[in-house]
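Got a structure here, written out as structure tokens. Questions coming.
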Amino acid sequence: MDKNEKKLILFMPSMDGGGVEKNLIIIANYLAKNIKNISLITFDKKFNNKFDKKINIINSNYSNKKKYSKYFKYLISICMLIKEISGYKQSLVFSFQANIYVIILSIFFNFKIITRSNSSPSGWGNNVIKKYLFKFFFKYAKKIVVNSHHFKKEFQNVFNVKTLLIYNPLDKSEILKKSKKFLNFKFFDDEESLKIINIARFTDQKDHITLLKSFEIVVREKKSKLLIMGYGNNKEIINDFIKEKKLNDNIKVIDFQDNPYNYLNKADIFVLTSKFEGLPNVLLEAQVLKKFIISSDCPTGPKEILKSGKYGDLFEVGDYKNLAKQILKFNKKSKIYRSKIKLAYNSLDRFDYSKNCKKYLNIICKSL
């Protein structure tokens, strides 16, 4: 091992299968084609096969069959990171998670760091002490990447930190290919029903209760089916609501799928009810498959993706009654809705895979 050799280390302690993980996989595999010495540090092993074989993946020795807390994964992954950087004098760490911890490490161990923030500070930066600490430490990062204009403004206003905007790279061809794979899913076979889908982690951030309350109104007036796909601690809360309201025949809850696109392809409407985001990948994926989108106007991302309502409909966070009205208004034969879907699809060039991946490659090559 040459200690003077330059090395890129990608850092993502906890991988569960959401949008951040998708972006990491896309970006990492692109970088692996252009950068010789690249490693990935992550506690979890379950997504190893999705990464380019040129990437040296460093996992923990703990069994993935057990459930570990996020902070335990952070601790173990940080120990692995310290061990890895000690072997190289010229390490650049590109952190996708636990960014503040890694920035603090960079001060003590004198390595360069680029961070990618994934969700709006309105969801995690409101605590006064946290805000002060983040404001102090963020200035030590070589670059902070964000993925929407609104997100960029929030960072400037909240932390007085300049960031670099790079949109999420969108692999349209992969989404379209996977969407065409055969799927035997009888729940969406009823042609007369309005088919609604939500794909999100089962957490408070994603606000499934607003979705369920709105659907309870919708189903009274219109024959409808709702598919909820995800994972997380709030699954029991979701299932209890469905059982209490006797909506079992109209709502189906399933785990995240390796290929969610052939499920999404069968739906009429995609609904997002999040309280905050960064730039939700799933809205872009719904646009690729020409699905009508109704989304909460949460910080940040949905308004930017949907061009303030030109490419889909927006509702205030938590306003389940307005969401229900918008769902009930939807008519897939209407020229207005078809026009919005077409405009949304035609707007996807700004998220182009090659263009945005090249931006990541450029900042890394300049920093190495």
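Among what's in the range 334-368 and is of a type in the set (A, V, I, L, M) and part of a helix (DSSP H, G or I), pick the residue that is nearest to S95 (Cα to Cα).
Among residues in the range 334-368 that are of a type in the set (A, V, I, L, M) and part of a helix (DSSP H, G or I), the one nearest to S95 (Cα to Cα) is I364.
Still on this structure: Can we say S214 is at negative phi, modelled with pLDDT of 95 or more and out of contact with any strand residue (DSSP E or B) (no Cβ under 9 Å at 6 or more places or on another chain)?
no
Sticking with this structure for a sec: Cβ-Cβ below 8 Å, separation at least six or inter-chain, first residue in the range 160-173 and over 18 Å from Y360 (Cα atoms) and outside any loop (DSSP other than H, G, I, E, B), second open to solvent by less than 50 Å² (accessible area, probe 1.4 Å) and at pLDDT 95 or above: which pairs?
Taking only residues 6 or more apart or on different chains, the pairs are K172/V288; K172/L348.
OK, next. Scan the range 111-126 residue by residue and report those that are out of contact with any Lys or Arg (no Cβ under 8 Å at 6 or more places or on another chain), open to solvent by less than 80 Å² (accessible area, probe 1.4 Å) and not in a helix (DSSP H, G or I).
F111, R116, S117, N118, S119, S120
Residue check: is D207 in contact with a Ser or Thr (Cβ under 7 Å, 6 or more places away or on another chain) and surrounded by 13 or more Cβ atoms within 10 Å (Cβ to Cβ)?
When the stated conditions are applied, D207 passes them.
Within the group K245, K290, K235, K252, which residue is touching a residue at least 12 places away in the same chain (Cβ under 8 Å), closer than 15 Å to Y345 by Cα and open to solvent by 60 Å² or more (accessible area, probe 1.4 Å)?
Residue meeting the stated conditions: K290.
Got at least one residue in the range 300-322 being hydroxyl-bearing (S, T, Y), closer than 25 Å to H150 by Cα, open to solvent by less than 10 Å² (accessible area, probe 1.4 Å) and in contact with a Gly (Cβ under 7 Å, 6 or more places away or on another chain)?
yes
Could you figure out which of (1) among the hydroxyl-bearing types (S, T, Y); (2) more than 24 Å from the chain's Cα centre (by Cα); (3) closer than 25 Å to Y167 by Cα isn't true of Y62?
Failing condition for Y62: (3).
Every residue in the range 256-295 that is among the small types (G, A, S) and at pLDDT below 95, please.
G278 - this is the single residue of the range 256-295 that is among the small types (G, A, S) and at pLDDT below 95.
Just checking: which of the strands (runs of 3 or more DSSP E) contained wholly in the range 242-321 hold 3 or more residues that are within 23 Å of Y231 (Cα to Cα)?
251-255, 269-272, 292-296
The values are calculated or read from the model by the stated rules, or taken from the named source; none is laboratory data. Just so we're clear, the structure is a prediction, and the values are computed from it rather than from any experiment. Ideal geometry is used to build each Cβ from the backbone, glycine not excepted, and the neighbour counts take in all protein chains shown. Remember, those area values only see protein heavy atoms, side chains included, never the ligands or the DNA or RNA. Shrake-Rupley method; radii C 1.70, N 1.55, O 1.52, S 1.80 Å.
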